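Enquirer: The structure under discussion is supplied below as structure tokens; questions concerning it will follow.
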Amino acid sequence: MPQLRFHGVTPARLAPVSRALIDQLSEATATARDEFTLECITTQYVFDGQLVDAFPFVEVLWFERGQKVRDLCAQSIAQAMNEAGYPEAESFFIALEPSGYYIAGKPLAQDGSSDSA
């Protein structure tokens, strides 16, 4: 788990930089490489009745790791996007709560608000 969702980014341009990106993110977050998911979401933008070029941005869904780690990850993402030919890419982080993340129907962590049976 962290999941990175790339919008306006083609798989062909992301693939060559993906290994180095995951290496950097893995080191910054102290998370195993195989815990990361990179997903390219097909994006079409419409403005004033016309199809327009997609603006690249990256959503990062993860468990919060603090400002310092977030800054390191944002820098790694920006570097990878620049190397992939997207110098203006943006990224944003969405913090997930372990109690709201389920594996095989069970929450990763209890938040104390639910009754146990």
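The values are calculated or read from the model by the stated rules, or taken from the named source; none is laboratory data. Quick caveat: nothing in here was measured; it's all calculated off a predicted structure. Don't worry about glycine lacking a Cβ; one is built from the backbone with ideal geometry, like all the others, and counts go over all protein chains shown.
Enquirer: Give just the number: which of (1) surrounded by 13 or more Cβ atoms within 10 Å (Cβ to Cβ); (2) within 16 Å of R13 (Cβ to Cβ); (3) modelled with pLDDT of 90 or more does I41 not satisfy?
Expert: (1)
Enquirer: Limited to region 1-59, what total is found for residues that are of a type in the set (D, E, K, R), in contact with a Ser or Thr (Cβ under 8 Å, 6 or more places away or on another chain) and closer than 17 Å to Y86 by Cβ?
Expert: Result for region 1-59: 1.
Enquirer: Oh, and also: So if I check each of V60, V17, which one is among the β-branched types (V, I, T), surrounded by 11 or more Cβ atoms within 10 Å (Cβ to Cβ) and over 14 Å from the mean Cα position of the chain (by Cα)?
Expert: Details: V60 fails: over 14 Å from the mean Cα position of the chain (by Cα).
After ruling out the rest, the residue left standing is V17.
Enquirer: Every residue in region 46-91 that is among the hydroxyl-bearing types (S, T, Y) and either touching a Pro at 6+ places or on another chain (Cβ under 8 Å) or without any contact (Cβ under 8 Å) to a residue 24 or more places away in the chain (or both), please.
Expert: First, pick out the residues of region 46-91 that are among the hydroxyl-bearing types (S, T, Y): 76, 86, 91.
Within region 46-91, Y86 is the sole residue that qualifies.
Enquirer: Something else: Residues of region 6-45 being of a type in the set (V, I, T) and touching a residue at least 40 places away in the same chain (Cβ under 8 Å), which ones? Let's see the steps before the verdict.
Expert: Applying the first criterion (of a type in the set (V, I, T)) to region 6-45 yields 9-10, 17, 22, 29, 31, 37, 41-43.
Within region 6-45, V9, V17, T29 qualify.
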